[in-house]
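Before any comments, here is the structure.
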Amino acid sequence: MNPLSEIRARFSTVLSGMVDDPVNLLSMIRPAGDSKFGDYQANCAMPLGKQFGKPPREIATELCEGVQVTDLCQKIEIAGPGFINLTIDNDWLKCSLTTALKDDRLGVTKVSEPKTFVIDYSSPNVAKPMHVGHVRSTFIGDSISKVLRFVGHTAISDNHLGDWGTQFGMIIYGYKHFLNESAYQAAPVAELGRLYKYVRKLMDYHAAVKRLPELETMQDELKSKQAVLESTESQGDKKADKQLKKQLRQLKSKIADQAESLSELKAQIAEVTNDAVLAKDASEHPNVNQNAQLETAALHEGDATNQGLWEEFLPLCREDMQKIYDRLDIKFDYELGESFYHNELANVVSDLTEKGFTKESEGAVCVFLDNHNAPMIIQKRDGAFLYSTTDLATIKYRMEKWNADACLYVVDHRQSEHFEKLFDVARLWGFDEVELAHVAFGTVMGPDGKPYKTRSGDTVGLSGLLDEAESRALEIATNQNSDLTEDRHREIANVIGIGGLKYADLSHNRASDYEFNYEKMLALRGNTATYLQYSYARVQGILRRTEADVESIRQNPGDFIFENDVERQLGLKLIRFGEALDEVLVEYKPNVLCNYLFELSQLFAQFFDQCSVKDANSEDLKKSRLQLCDLTARTIRGGLELLGIGVLDKM
Ligand code: ARG
């Protein structure tokens, strides 16, 4: 048990005698912001004071007298208006450290009520190249699954592949009309990717040509409005003058926005018209948009040719994707893509309709929701089912097959509205006991502050990104240790390069966008994987130099000795590993674990500077320090493992 949950458990006993449900109050017991005041702080006397109309200090005194912490805390004090400051008892701390040292799980106990989680992550659209957004989902989802499992839950990972969507119609159309046979023979997936992009280009071209005149007219209208406003005189009326200026400002910004869209459209058009082959294909395929959709529809209706092509393409694409997952060391329990649910979609619609939850609107079958203006469409007018229909079928399947307590969806924040509606419809449908959570994440930005793109303008392809991360790490590894073998350098490059990439992603609060930067990602200083890996290797160096027999130390530990304050601080931090894992799962945020490991490594660096292991002034102190070293290394290794990142004994 970690100190925070132990303290909360003790307070729970007293608080239960005062209020019906102490959960909220217990969450007000937190690590102290400033170690001057102790290790933990309980702020629950304030709201209780309000509730009972008593001075909070009086409540705080009652709490301090009632709570049984003599074995756990060496000090419990009231400060200010009624804060309770708690300092962990050194004997309790040392005893916990000994338990952790002997334990493979580092003293982290398993949850008393294990739950079943389904985690939907990675989930790329097959046949389109995977990009940085998918990698973020992959890393976050993998790490959350690992933490859940470690603390004792059942975590079922499911890669919900987009293997049935409109991109297949586009590729099939491309295959039938624009295939380069020899390229397909040589590198099929690359050729399919090219076909996808080619058809996309033609589609965008036609859409742009159609939209251009409309946008130009709108732009002209806005400009004449601007001219009118500019010639209007406010006749000295200050208020009117202000209003006029405001209108003009708004208008100008609208004009500027539109000008940007216009130039984008023009660029899309020029890309095609400036290329003879593209231009010819564009004019010969004026209905590419509708026709690609028809190919998708034909596939979904079981058309033999399209079905055959899909069956040919899918394994190729999956094999290609598997290479990426292998490089990243990512495994899934299930990979049930959208196609898996195809036969269930009609049932979803009929079931919801029978239960009276659907309404027809302009020929489409919709579910209207109280808190959303637009309904969720589950079947289009032409009979086609949608992404939402598949997701509903998926929830039903997951509930029936695994009886999940929670389903987590690690998906880009741009899909928030989809998930809000999906969860509402699912609850309406009867799945109201399961926790449904959209674990959303922000965009990966380039150095220009815009979504990360390569020079060719594509969102960065994944394999290129991995190559670059590894080759840069290889350079660092070679510079640091020129005497290692080539194979060893490659291994180091993989652990550092891929590890750095994962950590860069995971260490940022998932809710925010973050800027992708190779240098920062692989820096030896700062909150990076490299820094943590380096701290780990540093401990291994100490253990080697002192010729410590860690196995025997773990089996027959000596007393922990806190000679220097940093030894106590490091010890306390080590014992708080489980606390960090609990905190990760509150909002499904792996960056909490990254921060913990970073702070641990920083404390270790202080310890390393201030406390010599080799020249400790007694054998007992030396042993205690070796124990702290060993626990630090194992905690860093264990923590990084839960982030999907490896370590090296030497760097
Ligand atoms: N394939 C989708 C995309 O790439 C993500 C799917 C997420 N999972 C889900 N159950 N909707 O945008």
Completion exercise
Note on the stretch 475-491: residues more than 16 Å from ALA523 (Cβ to Cβ) and part of a helix (DSSP H, G or I) are THR478, GLU486, ASP487, ARG488, HIS489, ARG490, GLU491
Handout entry: Residues (more than 20 Å from the chain's Cα centre (by Cα) and not in a helix (DSSP H, G or I)) located in the stretch 423-448
Key = GLY430, PHE431, ASP432, GLU433, VAL434, PRO447, ASP448
Practice task
Tell me, please, whether a residue that is surrounded by fewer than 19 Cβ atoms within 10 Å (Cβ to Cβ), within 23 Å of the chain's Cα centre (by Cα) and within 19 Å of ASP582 (Cα to Cα) can be found in the stretch 115-135.
Solution key: yes
Handout entry: Residue count for the stretch 530-568, restricted to those that are assigned to a helix (DSSP H, G or I) and in contact with a Gly (Cβ under 7 Å, 6 or more places away or on another chain)
Key = 2
Exercise for the section: Test GLU62 against the criterion of being farther than 22 Å from ASP559 by Cβ, assigned to a helix (DSSP H, G or I) and of a type in the set (Asp, Glu), and give yes or no. Expected result: yes
Completion exercise
In the stretch 502-530, residues that are within 13 Å of the chain's Cα centre (by Cα) and either under 20 Å from GLY639 (Cβ atoms) or among the polar types (S, T, N, Q) (or both) total 10
Handout entry: Lone unmet requirement of (1) farther than 26 Å from ASP513 by Cα; (2) at pLDDT 95 or above; (3) in contact with a Pro (Cβ under 9 Å, 6 or more places away or on another chain) for GLY193
Key = (2)
Exercise for the section: Need at least 3 residues that are under 30 Å from PHE385 (Cα atoms) and not basic (Lys, Arg) per element, so show me which helices (runs of 4 or more DSSP H) inside the stretch 147-264 make the cut, counting only ones lying wholly within it. Expected result: 166-178, 188-231
Exercise for the section: Would you mind finding the one in ASP104, ASP142 that is more than 12 Å from the ligand (Cβ to nearest atom), more than 20 Å from LEU501 (Cβ to Cβ) and either touching a Gly at 6+ places or on another chain (Cβ under 8 Å) or assigned to a loop (DSSP other than H, G, I, E, B) (or both)? Expected result: ASP104
Problem - Only listed residue being of a type outside the set (D, E, K, R), surrounded by 15 or more Cβ atoms within 10 Å (Cβ to Cβ) and under 19 Å from ASP120 (Cα atoms), chosen from PHE357, PHE423 - result: PHE423
Practice task
Only residues that are under 21 Å from the mean Cα position of the chain (by Cα) and either assigned to a helix (DSSP H, G or I) or of a type in the set (D, E, K, R) (or both): list them for the stretch 396-406, please.
Solution key: ASP405
Fill in the blank from the handout: Of the residues in the stretch 245-263, those that are of a type in the set (D, E, K, R), closer than 21 Å to ARG211 by Cβ and surrounded by fewer than 13 Cβ atoms within 10 Å (Cβ to Cβ) number 2
Completion exercise
Within the stretch 289-336, residues within 16 Å of the ligand (Cβ to nearest atom), under 20 Å from the mean Cα position of the chain (by Cα) and buried (at least 17 other Cβ atoms within 10 Å of the Cβ) come out as MET321, ILE324, TYR325, ILE330, PHE332, GLU335
Exercise for the section: All but one of (1) in contact with a strand residue (DSSP E or B) (Cβ under 6 Å, 6 or more places away or on another chain); (2) more than 17 Å from GLU338 (Cα to Cα); (3) within 14 Å of the ligand (Cβ to nearest atom) hold for TYR409, so report the exception by its number. Expected result: (2)
Practice task
Determine the pairs where a residue that is in a strand (DSSP E or B), located within the stretch 111-127, has a partner that is among the acidic types (Asp, Glu) and away from the ligand (no atom under 14 Å from the Cβ) with Cβ atoms under 7 Å apart, the partner being 6 or more residues away or on another chain.
Solution key: THR116/ASP405; PHE117/ASP405
Practice task
Could you please let me know if GLU420 is touching a residue at least 40 places away in the same chain (Cβ under 8 Å), assigned to a helix (DSSP H, G or I) and either touching a strand residue (DSSP E or B) at 6+ places or on another chain (Cβ under 6 Å) or away from the ligand (no atom under 11 Å from the Cβ) (or both)?
Solution key: yes
Exercise for the section: Might you check whether a residue that is assigned to a helix (DSSP H, G or I), surrounded by 16 or more Cβ atoms within 10 Å (Cβ to Cβ) and away from the ligand (no atom under 12 Å from the Cβ) occurs anywhere in the stretch 367-390? Expected result: no
Completion exercise
Picked from the stretch 145-158 (must be among the charged types (D, E, K, R) and more than 14 Å from the chain's Cα centre (by Cα)), the residue farthest from the ligand (Cβ to nearest atom) is ARG149
Practice task
Considering each of LEU428, LEU436 in turn, give the residue that is at pLDDT 95 or above, within 15 Å of the ligand (Cβ to nearest atom) and not acidic (Asp, Glu).
Solution key: LEU436
Exercise for the section: Specify which of the listed residues (SER512, SER612) is touching a strand residue (DSSP E or B) at 6+ places or on another chain (Cβ under 9 Å), part of a loop (DSSP other than H, G, I, E, B) and not hydrophobic (A, V, I, L, M, F, W, C). Expected result: SER512
Exercise for the section: State which residue is nearest to LYS401 (Cα to Cα) when the search covers only the stretch 115-134 and only residues that are charged (D, E, K, R) and in contact with a Phe, Trp or Tyr (Cβ under 8 Å, 6 or more places away or on another chain). Expected result: ASP120
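The values are calculated or read from the model by the stated rules, or taken from the named source; none is laboratory data. What you are looking at is a predicted structure, and each value in this text was computed from that prediction instead of being measured. A quick note on method: Cβ atoms are made from the backbone with ideal geometry, for glycine too, and the neighbour counts reach across all protein chains shown.
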